[in-house]
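Read the structure below first, then the notes.
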Amino acid sequence: MGTDINTSKKILDLIREHGTPLQIAFGVRAAENVRRAVEALSPHGWQGNLFYSYKTNPVPEVLRVLHQNGAGAEVISERELNLALDLGVEPGRIVFNGIYKSPAALKTAVEKKIKCINIDAPQELDILCELSKSAKENITVGLRVRPAVGWQGQFGHVIKDGSALDFARRIAGNNKLDLKAVHFHLGSSTAKAYRRAIDETLGFIQKVSGELNINIRALDIGGGFPGKDMRLLTLWEQAWQRFFDRPWPAPVAGPDDGFRVLGETAGYFKQAGTKYGLESLEMWAEPGRLITGDAQILAVKVVGWRQSGKKQYAIVDGGRVGAAGPLVGETRKVSVLGKNQNGDLKTYDIVGPTCMPWDRLFAGVRLPKLEMGDILMVEGAGAYFVPMETEFSFTRPKLAII
Ligand SMILES: Cc1ncc(COP(=O)(O)O)c(C=O)c1O
């Protein structure tokens, strides 16, 4: 996000007050992003079906803004579930995912009657069956499936080989469990991948509904909508960076506008629902980076220099190790607070303060001539920076919201 003079002044004031490294969250931008995402769902009546993925940026001050503007919560741990409840999120606005849900977390979820517990690992079903014995009402659950596109590995039950259907049968075997939703998460994806996954999963829902006589009411398509001003590096780009020690000369903007992907996907879902005879099926979405990615910046300060061969290193007080974990496989825009980005530029490697050789924020980046005390602003810091922070030798960045 660009910074005008007023914003730059506010940022400077915050840095004077809190020091660096500092995460600065922009509440107005986060609220605007929720509004745009809700707008993408509303033509189909699904405006209430947006569940912000807590893992992306579990900052209470930011989460409050998101909830005030209409987002529910997607949580994957006991801590995140309790955080949502502590923030006053209605239990009926909380979806619980993840491959390890502790018995205590499942108990809380059942007692509070949250919107849906998406069962993934088999042991969760055993725990829920136990809990169902004393539950007065049915427990609302979903089933995480694994379509042929997107993340594989340890997540979800495979549709293609029949394991998902077998698992649905096990859930249906307990009449206190109300299998209301099917869920997938593909990882960062394109509109084409969502279309393929939706087709495969709707076929699955049609089969489950027919064979097991279950009334599935929603397909939760997870998150993964591209964030703005950030891009995941391909493996080739990561290898290039690693072996040649140079940045990949590519634009940092993502290939797609995430809001457009979300809107198109919702339109496709509606059409496909009709094709599969599932007209009343709702779509739920759990965006993370789309909502907060570009609503936060990380400010770090130049605290030292090192010349090595032809390379000019600038040492900053928050690096990849402590403050910017995602930069291992992603790119971001960076600028110098108060300096003209279009003037005479020099080439720098920007490294963090720890003793780890990979504590590098940017390689070969072109910036205005740097001086001690300059503030570098890393954009797109609202997705996975905070949860990936470490206290490796230094304290974690503070956070302020404006
Ligand atoms: C189940 C689930 N939902 C939502 C998300 C959010 O993804 P993104 O930030 O790419 O939108 C994730 C991220 O890992 C996830 O695992």
How many of the residues in segment 383-399 are touching a Leu at 6+ places or on another chain (Cβ under 9 Å) and either within 13 Å of the ligand (Cβ to nearest atom) or not aliphatic (A, V, I, L, M) (or both)? 5
Top-ranked residue in segment 271-292 [being surrounded by fewer than 23 Cβ atoms within 10 Å (Cβ to Cβ) and among the hydroxyl-bearing types (Ser, Thr, Tyr); ranked as farthest from Pro43 (Cα to Cα)]: Tyr276
Can you list the strands (runs of 3 or more DSSP E) found entirely within segment 93-192 that contain at least 3 residues being touching a helix residue (DSSP H, G or I) at 6+ places or on another chain (Cβ under 8 Å) and either touching a residue at least 60 places away in the same chain (Cβ under 8 Å) or assigned by TED's automatic domain parsing to the domain that holds Ser77 (or both)? 139-146, 177-183
Consider Ala400 against the criteria (1) touching a helix residue (DSSP H, G or I) at 6+ places or on another chain (Cβ under 7 Å); (2) outside any strand (DSSP E or B): it satisfies all of them except one. Which criterion is unmet? (2)
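Table: residues versus (1) under 26 Å from Gly156 (Cβ atoms); (2) more than 17 Å from the chain's Cα centre (by Cα); (3) of a type in the set (Phe, Trp, Tyr).
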| site | (1), (2), (3) |
| --- | --- |
| Tyr52 | yes, no, yes |
| Val62 | no, no, no |
| Val65 | no, no, no |
| Leu81 | yes, no, no |
| Gly92 | yes, yes, no |
| Phe96 | yes, no, yes |
| Tyr100 | yes, yes, yes |
| Ile114 | yes, yes, no |
Considering (1) hydroxyl-bearing (Ser, Thr, Tyr); (2) free of Cβ contacts under 8 Å to residues at least 12 places away in the same chain; (3) under 24 Å from Lys228 (Cβ atoms), say which one Ser308 fails and leave the rest. (3)
Test Thr331 against the criterion of being within 16 Å of the ligand (Cβ to nearest atom), part of a strand (DSSP E or B) and not hydrophobic (A, V, I, L, M, F, W, C), and give yes or no. yes
Are any residues in segment 150-189 surrounded by fewer than 16 Cβ atoms within 10 Å (Cβ to Cβ) and within 27 Å of Lys228 (Cα to Cα), and if so, which ones? Gln152, Gly187
Quick one: Trp151 ticks every box in (1) closer than 21 Å to Glu282 by Cβ; (2) within 16 Å of the ligand (Cβ to nearest atom); (3) aromatic (Phe, Trp, Tyr) except a single one, so which number is it? (1)
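Condition check ((1) over 19 Å from Glu286 (Cβ atoms); (2) away from the ligand (no atom under 16 Å from the Cβ); (3) loosely packed, with under 14 Cβ neighbours inside 10 Å; (4) β-branched (Val, Ile, Thr)) across all residues:
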{"position": "Asp13", "(1), (2), (3), (4)": "yes, yes, yes, no"}
{"position": "Gln23", "(1), (2), (3), (4)": "yes, yes, no, no"}
{"position": "Arg36", "(1), (2), (3), (4)": "no, no, no, no"}
{"position": "Gly72", "(1), (2), (3), (4)": "no, no, no, no"}
{"position": "Ser77", "(1), (2), (3), (4)": "no, no, no, no"}
Which of the residues belonging to segment 57-70 are more than 14 Å from the ligand (Cβ to nearest atom) and part of a loop (DSSP other than H, G, I, E, B)? Val59, Asn69, Gly70
Could you go through segment 189-201 and let me know if any residue there is of a type outside the set (Asp, Glu), within 19 Å of Tyr100 (Cα to Cα) and modelled with pLDDT under 95. no
Out of all the residues in segment 64-87, is one or more acidic (Asp, Glu), farther than 28 Å from Arg320 by Cβ and either free of Cβ contacts under 8 Å to residues at least 40 places away in the same chain or outside the structural domain of Arg144 (by TED's automatic domain parsing) (or both)? yes
Could you tell me which numbered condition Arg195 fails, if it satisfies all but one of (1) without any contact (Cβ under 8 Å) to a residue 60 or more places away in the chain; (2) of a type outside the set (Val, Ile, Thr); (3) more than 16 Å from the ligand (Cβ to nearest atom)? (1)
Spot the failing condition for Gly380; the list is (1) modelled with pLDDT under 95; (2) outside any loop (DSSP other than H, G, I, E, B); (3) within 24 Å of the chain's Cα centre (by Cα), and only one is missed. (2)
Scanning segment 38-56 for residues that are polar (S, T, N, Q), more than 23 Å from Val378 (Cβ to Cβ) and within 16 Å of the ligand (Cβ to nearest atom) gives Asn49
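The values are calculated or read from the model by the stated rules, or taken from the named source; none is laboratory data. These figures come from a predicted structure and were not determined experimentally. Ideal geometry is used to build each Cβ from the backbone, glycine not excepted, and the neighbour counts take in all protein chains shown.
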